[in-house]
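This report refers to the structure that appears directly beneath it.
None of the figures in this text is laboratory data; all of them are computed from the coordinates on show. Worth saying up front: this structure is predicted, and the values here are computed from it rather than measured. Note: ideal-geometry Cβ built from the backbone for every residue, glycine included; neighbour counts use all protein chains shown.
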Amino acid sequence: MAAELESPVGTPAPPPASTLPRPWHTILKHAALPTLTHDEQTRFNVVAAMNRFLAQQLLPRVEAAAKQSVEPALEAELGRPPTDRHEYRRALERNLTWRIWSRMRRATMEMRQQAGQLTVLRQLPGLVNTCRALNATGDQLHLDRAFSPPRYLQSLPAHLMPGGYVGERVTDDVAAGASYEIGIYATLGGQSGPASDRAGRATVAWLAEHRPGWQPRRILDLGCGMGANTLVLARAFPEADIVAIDAGAPMLRYGAARARALGVDNVRFIQGDIEQPPLAAEAPFDLIVSLMVLHETSRPAVQRIFAASFQQLAPGGLAFHLEQPPYRDKPLLEQCLRDWDGRYNNEAFWSSLHDTDLVACMREAGFAAEAVRETTANAVPVEPPPGQTLQEDYGRGGAWYVVTGEKPLAD
Ligand SMILES: C[S@@+](CC[C@H](N)C(=O)[O-])C[C@H]1O[C@@H](n2cnc3c(N)ncnc32)[C@H](O)[C@@H]1O
């Protein structure tokens with residue numbers, strides 16, 4: 001079938017122009033944060049504005065094109081309604097409106113990563129020294145020089161991040177962490193808050209609602225990255241001892257320095273594989289979380305991470321795994337939109353994770369059937385302004401799916 005070139009008939013008027021996203025300079029400032037020139041900030045502001053345009057203005061046109069032209073043409077071609085998202089996506093890929101939206105969305109990610117690299121690499125020696133100085137005292141950083149990250153983290157740079165989370169170019173490299181912090185703020189247009197910590201705030205809000213008054217004393221954050229969300233837990237539970245583990249030394253160096261710069265001193269950042277956390281001396285934990293991590297690991301890895309969270313959980317404790325919502329039961333167009341990262345954004349495990357029954361995985365990991373629960377978590381969004389609604393930017397929303405597991409108190 002030839003590429004669909006015409007605009008769909010009767011395309012609805014785009015929704016009222018939304019305000020621009022929050023400008024980059026509204027990001028949380030701290031001593032480890034890279035400094036950005038006016039032009040560097042502008043690059044990120046362009047990325048954020050493009051994302052806002054794509055989600056708010058172009059996506060409704062993609063949806064109209066799918067309904068009015070792609071779906072009828074596909075049904076005529078197949079002689080039946082489409083039944084799975086893969087055949088639906090192949091048809092979408094022949095539609096010009098989809099192709100423009102998808103290509104531009106990919107371009108925003110490429111631009112973000114390039115802008116992040118340019119900004120961080122030109123000041124890397126200074127950033128390394130700042131983080132070294134912040135990490136020189138205290139007990140917050142534990143790296144393992146003999147550690148080799150899992151192969152998928154070394155060979156698959158998630159969401160087009162040059163070098164991924166684990167790549168190192170210089171001694172004591174912090175580029176991955178620094179670039180992640182300044183870039184994710186742009187991709188989300190500040191929607192995750194000045195500290196890009198909405199998942200952490202959603203977690204704490206969920207705990208306040210579902211376990212009111214609970215004060216976990218030992219907390220484990222699996223796949224903490226640069227620790228933005230870990231610090232929300234650290235502040236919510238100031239008496240707790242928090243272990244934050246990740247494979248990426250540049251993420252951990254930056255995260256530990258960032259925590260120090262922000263005056264948080266109850267988190268220890270430890271390098272290791274969350275499939276087999278090297279924490280025999282630390283366990284058990286009252287609360288074990290993973291926040292937006294599972295989509296970056298393979299299906300067998302997810303099973304091992306759940307098994308580790310069961311083994312390392314204290315009696316009466318809670319395992320809490322937060323992710324983007326599964327979409328396998330959604331309408332096919334929505335499945336394709338939510339599946340976009342798995343196809344075009346170097347998220348190799350995204351699609352298979354969302355086809356996985358995480359409740360079954362938790363039970364297989366050792367949790368009793370009645371102790372496993374599917375739930376949702378959210379935090380108060382930064383926007384929209386009064387009177388406006390923002391169309392969801394699929395795959396980047398702040399309304400998360402959570403699977404939890406509880407360990408019974410010992411007899
Ligand atoms: C999308 S980031 C999320 C980071 C953090 N939880 C947050 O909320 O910002 C995923 C993180 O998981 C880490 N990760 C993935 N698989 C891992 C593994 N097997 N062992 C340790 N860390 C892993 C990556 O290095 C990366 O920092």
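For this structure, a couple of remarks:
- Using only side-chain charges placed at the Cβ, +1 for Lys and Arg and -1 for Asp and Glu, the dipole size of the chain relative to its Cα centre rounds to 860 debye.
- Stretched out straight at 0.36 nm per residue, the stretch from residue 304 to residue 380 would grow longer than its current Cα-Cα span by 24.1 nm.
- Rg/Rg_ref, the chain, where Rg_ref = 2.2 N^0.38 Å and atoms are Cα: 1.00
- Calculated FRET efficiency for the pair residue 352/residue 75, C-beta based, R₀ 25 Å, to 0.05: 0.35
- Label point distance in nm, residue 399-residue 100, each placed 7 Å from Cα along Cα→Cβ: 2.8 nm
- Residue by residue, the stretch 222-227 carries 3J(HN,Hα) couplings of 8, x, 6, x, 8, x Hz when phi is fed to the Karplus relation 6.51 cos²θ - 1.76 cosθ + 1.60 (θ = phi - 60°); x denotes Gly or Pro.
- Sites residue 35 and residue 360 - FRET efficiency at Förster radius 60 Å, r taken between beta-carbons, to 0.05: 0.80
- Fraction in percent of alpha-carbon pairs per bin - 5 Å, the stretch 194-406: 1, 7, 15, 19, 21, 18, 11, 6, 2, 0, 0
- For the pair the stretch 359-375 / the stretch 176-209, the C-alpha centres are spaced 27 Å from each other.
- Residue-wise HN-Hα couplings along the stretch 231-244, as the Karplus relation 6.51 cos²θ - 1.76 cosθ + 1.60 with θ = phi - 60° gives them from phi, are 5, 5, 5, 4, 7, 5, 10, x, 7, 7, 9, 10, 10, 10 Hz; Gly and Pro carry x.
- A simple spin-label model places pseudo-atoms 7 Å from Cα toward Cβ; at residue 388 and residue 409 they are separated by 5.0 nm.
- Positive-end residue of 232, 371, 350, charge dipole of the stretch 194-406 with Cβ unit charges: 232
- Cut-off 12 Å between beta-carbons: net charge of the residues surrounding residue 158, Lys and Arg +1, Asp and Glu -1: -3
- Our coupling estimate for the stretch 48-55, obtained by passing each phi through the Karplus curve with A = 6.51, B = -1.76, C = 1.60 and θ = phi - 60°, is 5, 5, 5, 4, 4, 4, 4, 6 Hz, Gly and Pro reported as x.
- FRET efficiency for residue 143 and residue 68, using Cβ-Cβ distance with R0 set to 56 Å, rounded to 0.05: 0.55
- Relative contact order (percent, whole number), the stretch 194-406, Cα cutoff 8 Å, 6+ residue spacing: 21 percent
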